[in-house]
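Chemist: Sending over a structure as structure tokens; questions will come in a sec.
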Amino acid sequence: MNAPRPLATPTAEALNKSAVSRYLQLAGMFRRRIEQGEWALDQRIPTITELAADCGVAAVTVRRALDILEEDGLIERFRAKGTFVRRRPERDTWCAVNTDFSGLLIARYSSRIEVLEDVPSPPPAFLSAGDWPGVSAPRYRRIRRRHWRQGAAFLVADLYVEAGAYAALPEGALASMTAMQMASAVPGRAIAAAEQELTVTGADLSVANELSVRLGEPMARVVRVAVDEAGQRFLAVEGIYRGDSARLRVTLK
């Protein structure tokens, strides 16, 4: 078996280019070193002084990053002995971000959907900010939902359903169907176009609280829009996935 390829060490200048705090960036990088086997189980990792010099940051920044890994149970510190890797990050809550429409219609039987809010809403701002197909409806219902798997919240999403389509949804749909399943289940509304966009963002205060992550932690933002045959955007959703639970895989051939 080939040895794991070492991850590139960021410079202080590179760390400064991100809006995410330095210690959170370092915590993510150190986590990946454990995940990819560069820091093996039971291995002693470099000292705080060595890591600070290697990354071009203050020792206190490295210490805060290691505090996060210790809180997560990935490392253990011993006075006079050093810091050792105790386990790898768990990956049993992976959520695949599908890139084809049929994949988006597959039921997620192992997940639970919690409805946090259901209120009237104007068209979502992200629709006017992007080059999305169709035109927005004047009135929507905004449903904020949190998705759980194996006891862990991995996704929080704002679902916008045009008022007429909302009234026609099957009973119990909000707590059991994915967004695209709902779009396909609205009577009399055939999907003429559907698009999605994935970007990387940081957790804001509400997302940090709802997904039990740290403020500014990297997240995957996925927006999906469904347009009916009349050209109306009758369903749109903006979902924020935990960065450590989202996986995008694209078949190239």
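The values are calculated or read from the model by the stated rules, or taken from the named source; none is laboratory data. Predicted model, so just to flag it, every value in this text is computed and none were measured. Methodologically, a virtual Cβ is constructed for each residue, glycine included, from the backbone with ideal geometry; neighbour enumeration extends over all protein chains shown.
Chemist: Restricting attention to region 123-171, which residues are over 25 Å from the mean Cα position of the chain (by Cα) and hydrophobic (A, V, I, L, M, F, W, C)?
Modeler: Val135, Ala137, Ala163, Ala165, Ala167, Ala168, Leu169
Chemist: So which of Val200, Val227 is surrounded by 15 or more Cβ atoms within 10 Å (Cβ to Cβ) and among the β-branched types (Val, Ile, Thr)?
Modeler: Answer to the check: Val227.
Chemist: OK, next. Would you please name the residue that is farthest from Ser212 (Cα to Cα), looking only at residues in region 85-104 that are at pLDDT 85 or above and surrounded by fewer than 16 Cβ atoms within 10 Å (Cβ to Cβ)?
Modeler: Here the answer is Arg86.
Chemist: Next question. Of the residues that sit in region 208-239 and are outside any strand (DSSP E or B), at pLDDT 90 or above and small (Gly, Ala, Ser), which one is nearest to Arg22 (Cα to Cα)?
Modeler: Of everything passing the filter in region 208-239, Gly231 is nearest to Arg22 (Cα to Cα).
Chemist: Also: For region 117-171, which positions are in contact with a Lys or Arg (Cβ under 9 Å, 6 or more places away or on another chain), surrounded by 18 or more Cβ atoms within 10 Å (Cβ to Cβ), under 20 Å from Met219 (Cβ atoms) and not hydrophobic (A, V, I, L, M, F, W, C)?
Modeler: Pro124, His147, Asp158, Tyr160
Chemist: OK, next. State which residue is surrounded by the fewest Cβ atoms within 10 Å (Cβ to Cβ) when the search covers only region 30-54 and only residues that are modelled with pLDDT under 85 and not in a loop (DSSP other than H, G, I, E, B).
Modeler: Arg32
Chemist: Right, something else. Here is a list: Gly239, Gly188. Which entry is in contact (Cβ under 8 Å) with a residue 12 or more places away in the chain and surrounded by 21 or more Cβ atoms within 10 Å (Cβ to Cβ)?
Modeler: When all the criteria are applied, what remains is Gly239.
Chemist: For region 222-232, which residues satisfy the criterion of being more than 24 Å from the chain's Cα centre (by Cα) and of a type outside the set (S, T, N, Q)?
Modeler: Residues satisfying the conditions are Val227, Asp228, Glu229, Ala230, Gly231.
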